[in-house]
Amino acid sequence: MSSTMATLQITPLHPSLGAEVAGVDLGKPIDEPTKQALSHALADHLALVFRNQSLTPAQYLAAASVFGPPMEQHYSQHHMPDFPLIGMIWHRNGQQPAERWHTDHTNRERPPAATILYGVEIPSAGGGTSVASMRAAYVALGEDERRRLDSLTTFNSLDSDKTDTRAEDRDKYGKPIEHPMVRTHPVHGSRAVYFHITKATHISGMTPHASKAYMNDLLERMIRPEIIYHHAWRKGDVLVIDDRATMHRAHGDYDRSQSRILWRIIVEGDRPRFV
Ligand SMILES: [Fe+2]
């Protein structure tokens, strides 16, 4: 066992999901056994928190690669200059906090396995990130509804409610991509409800209007406090979210005169499938 593996400690943060990982410096190279352990920890706990990290953009990209190859984010106006695989989440460049429950980049054929956020500047109160276990949400649905969802797919494109999307991004990432509404986790083997309400243009066999109404109704019924881990940011936190079995949302409840800067990396996963 390597020295890193010997010190890796994983402590659950909430009964449903989320765990804090101690004993890893993400600024240093991570050995193969530790990579394996972290990949399994993510599949089990669905959200991992690393505290007190101090990372350059290059170190952050290297650390994120533990969970998969970093992939390009489709709103290129928010890419970090010189490090286009890092997206800047920052209200001062005109972004609105993503306050609706969603999973990232469902308009890709191989959507991200994980979204990774690094807290660079954190307001003194509010501005947290919540993550919900869609694995637990699936289990809590009635048998009939599970069977219904198992057979449905969504068609995904860029968000219909965004007005500042660049034409070249729309050309590259606006083509319809079909995904199952329930996906089987490639590492864990469990099933989870999977959709993005503003990226899904419609559900198979349903009108756009009926599709939105059903997705809204599902979100209202499925996402309950018991399946949510709320992350209250501290500067230096790295939060890794498993996009294959969760949804997340930002909280805009912070003082806009303060700065909130998160660096985001998404890493490629496999094509969603229902087994
Ligand atoms: Fe997101």
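Before moving on, here are some points about what is shown:
- Dipole of the chain [Lys/Arg +1, Asp/Glu -1 at C-beta], most positive-end residue of 247, 42, 196: 196
- Accessible area of the stretch 174-251 belonging to carbon and sulfur atoms, whole % at 1.4 Å probe: 59 percent
- Our coupling estimate for the stretch 40-52, obtained by passing each phi through the Karplus curve with A = 6.51, B = -1.76, C = 1.60 and θ = phi - 60°, is 6, 4, 5, 4, 6, 9, 6, 8, 10, 10, 10, 9, 6 Hz, Gly and Pro reported as x.
- Accessible surface of the stretch 22-144 [probe 1.4 Å, protein heavy atoms]: carbon and sulfur percent: 54 percent
- Cβ-derived FRET efficiency at R0 41 Å, residue 125 paired with residue 271, nearest 0.05: 0.50
- Using C-alpha pairs under 8 Å with a sequence gap of at least 6, the mean separation divided by the residue count of the chain gives a relative contact order of 33 percent.
- Helical contribution to [θ] at 222 nm, DSSP H n ≥ 4, -39,500 (n - 2.57), averaged over the chain, rounded to 500: -6500 deg cm²/dmol
- Basic side chains Lys and Arg get +1 at the Cβ, acidic Asp and Glu get -1 at the Cβ, and with that the dipole of the chain about its Cα centre reaches some 200 debye.
- Exposure rule at most 14 other beta-carbon atoms within 10 Å, DSSP loop GluC sites (Glu not before Pro): the chain longest free segment: 110-275
- Annotation for the stretch 101-144 versus the stretch 201-275: alpha-carbon center distance of 3 Å.
- Debye, to nearest 20: dipole size of the stretch 61-113, +1 on Lys, Arg Cβ, -1 on Asp, Glu Cβ: 80 debye
- Once C-alpha pairs closer than 8 Å and six or more residues apart are averaged by separation and normalised to the residue number of the stretch 115-225, the relative contact order reads 30 percent.
- Phi-derived couplings, Karplus 6.51 cos²θ - 1.76 cosθ + 1.60 at θ = phi - 60°, listed residue by residue for the stretch 188-200: 7, x, 7, 9, 8, 6, 9, 6, 10, 5, 9, 9, 7 Hz, with x used for Gly and Pro.
- Note on the chain: with a GNM built from Cα contacts shorter than 10 Å, the maximum mean-square fluctuation among 63, 250, 140 falls on 140.
- Shown is the FRET efficiency for residue 93 and residue 258, computed with R0 = 22 Å from the Cβ-Cβ distance and rounded to the nearest 0.05: 0.90.
- Across 13, 218, 152, the residue with the most accessible area heads the list, and the full order at a 1.4 Å probe is 13, 152, 218.
- Working note: Cα gyration tensor of the chain, eigenvalues times five, square-rooted, sorted largest first, giving semi-axes of 28, 23, 18 Å.
- Model label sites at residue 22 and residue 109, defined 7 Å from Cα along the beta-carbon direction, differ in position by 4.5 nm.
- For the set 75, 60, the ranking by accessible area, highest first and with no ligand, DNA or RNA atoms included, is 75, 60 under a 1.4 Å probe.
- For the stretch 126-214: Kirkwood Rh in Å [reciprocal of mean 1/r, alpha carbons]: 14.7 Å
- Qualifying lysines (Cα of each under 30 Å from Cα of residue 28; at least 8 residues distant if same chain): 235
- Heavy-atom surface of the chain, accessible at 1.4 Å and reported per residue (Å²): 44 Å²
The values are calculated or read from the model by the stated rules, or taken from the named source; none is laboratory data. Keep in mind that this is a model prediction, so the values were computed, not measured. For neighbour counting, all protein chains shown are included, and Cβ atoms are generated from backbone atoms with ideal geometry for every residue, glycine included. Ligands, DNA and RNA are stripped out before the accessible areas are found, and what is left, the full protein with its side chains, is counted by its heavy atoms. Shrake-Rupley method; radii C 1.70, N 1.55, O 1.52, S 1.80 Å.
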